[in-house]
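The values are calculated or read from the model by the stated rules, or taken from the named source; none is laboratory data. Remember, predicted model here, so these are calculated numbers, not experimental data. For neighbour counting, all protein chains shown are included, and Cβ atoms are generated from backbone atoms with ideal geometry for every residue, glycine included.
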Amino acid sequence: MYFQHLDEIWRDFPELVAGVVATDSITNDVSVDTRIATFNSIAEERLTAGPEGEFPEIQAWRRAFSRMGLKPTQYRCASESLLRRYRKEGSLPRIHPLIDLCNAISLAYAIPMAVFDISQITGYVEVRHASGSERYLAFSGETEHPDAGEVIFADEADQAHARRWTNRQSARSAVRDTTTDILIVAEAMHDSATDDIECLVATLVEELNSVWSVTPTSSVLSLSSSRFEF
């Protein structure tokens, strides 16, 4: 299996930096509370200085959404949605130790991250423009079809695993209690994205190793090295 952005995405968004991490042997019987608190404190300190909309990481994604023809205050990247909710409510709902940990890391870095259950993916994952025929399973249980030209995460079976790029993941490949093999994708476009993605990937690898005693594979992708095999 592999993950990649198609050349059209790199062409239209040359400032993109992507980090990917894959591993197996994930379980739901671990505690990540202390680790979450550490990352949350980083987010809290940043939010004390100003709202998430002023963060360069978020501003870069708002510009990208505008370039895709989307209203950025209607469709937000995942990290902005998390930060906004955390600022208003002071916490995030607990879902699964892996998702809870990744959400906390996303808060700290203000960078959107997608976490996929590999067992629900067919063949590969490509970030590309939709044809409009792909199938997206919403968390409501309804099947949607992305708009033609919309940036999606798609697999070989024409399943859309995320809509509007970093806006909304599919229920089909969401992490659940039975999940063991996972793929994590983090994407950024701000000026220091390369350094920040490299740091985020290193953080993810360290946390996964510490919590689950696994040895993940990882990479930082670019146009010249755009495919990650896992």
(request) Identify, from the list GLU150, GLU126, the residue that is touching a Lys or Arg at 6+ places or on another chain (Cβ under 7 Å) and either buried (at least 18 other Cβ atoms within 10 Å of the Cβ) or farther than 25 Å from VAL214 by Cα (or both). (result) GLU150
(request) Examine segment 151-162 for a residue that is free of Cβ contacts under 8 Å to residues at least 12 places away in the same chain and in contact with a strand residue (DSSP E or B) (Cβ under 8 Å, 6 or more places away or on another chain), and state whether such a residue exists. (result) no
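Table: residues versus (1) of a type in the set (A, V, I, L, M, F, W, C); (2) closer than 26 Å to THR27 by Cβ; (3) at pLDDT below 95.
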position: ASP147; (1), (2), (3): no, no, no
position: HIS161; (1), (2), (3): no, yes, no
position: TRP165; (1), (2), (3): yes, no, no
position: SER170; (1), (2), (3): no, yes, no
position: THR178; (1), (2), (3): no, yes, no
position: ALA188; (1), (2), (3): yes, no, no
(request) Within segment 138-161, identify whether any single residue is more than 20 Å from ILE105 (Cα to Cα) and of a type in the set (Ser, Thr, Tyr), and answer yes or no. (result) yes
(request) Scan segment 103-118 residue by residue and report those that are within 14 Å of ARG168 (Cα to Cα) and either at pLDDT below 95 or in a strand (DSSP E or B) (or both). (result) MET113, ALA114, VAL115, PHE116
(message) Quick check on this structure: which one of ASP195, ASP191, ASP181, ASP158 is touching a helix residue (DSSP H, G or I) at 6+ places or on another chain (Cβ under 6 Å) and either charged (D, E, K, R) or surrounded by 19 or more Cβ atoms within 10 Å (Cβ to Cβ) (or both)?
(response) ASP181
(message) Could you tell me how many of the residues in segment 208-230 are touching a helix residue (DSSP H, G or I) at 6+ places or on another chain (Cβ under 6 Å), modelled with pLDDT of 95 or more and not in a strand (DSSP E or B)?
(response) 2
(request) Answer yes if at least one residue in segment 77-94 is within 17 Å of the chain's Cα centre (by Cα) and part of a strand (DSSP E or B), and no otherwise. (result) no
(request) Filter segment 20-42 down to residues that are outside any loop (DSSP other than H, G, I, E, B) and of a type in the set (Gly, Ala, Ser) and give me whichever is nearest to GLU229 (Cα to Cα). (result) ALA22
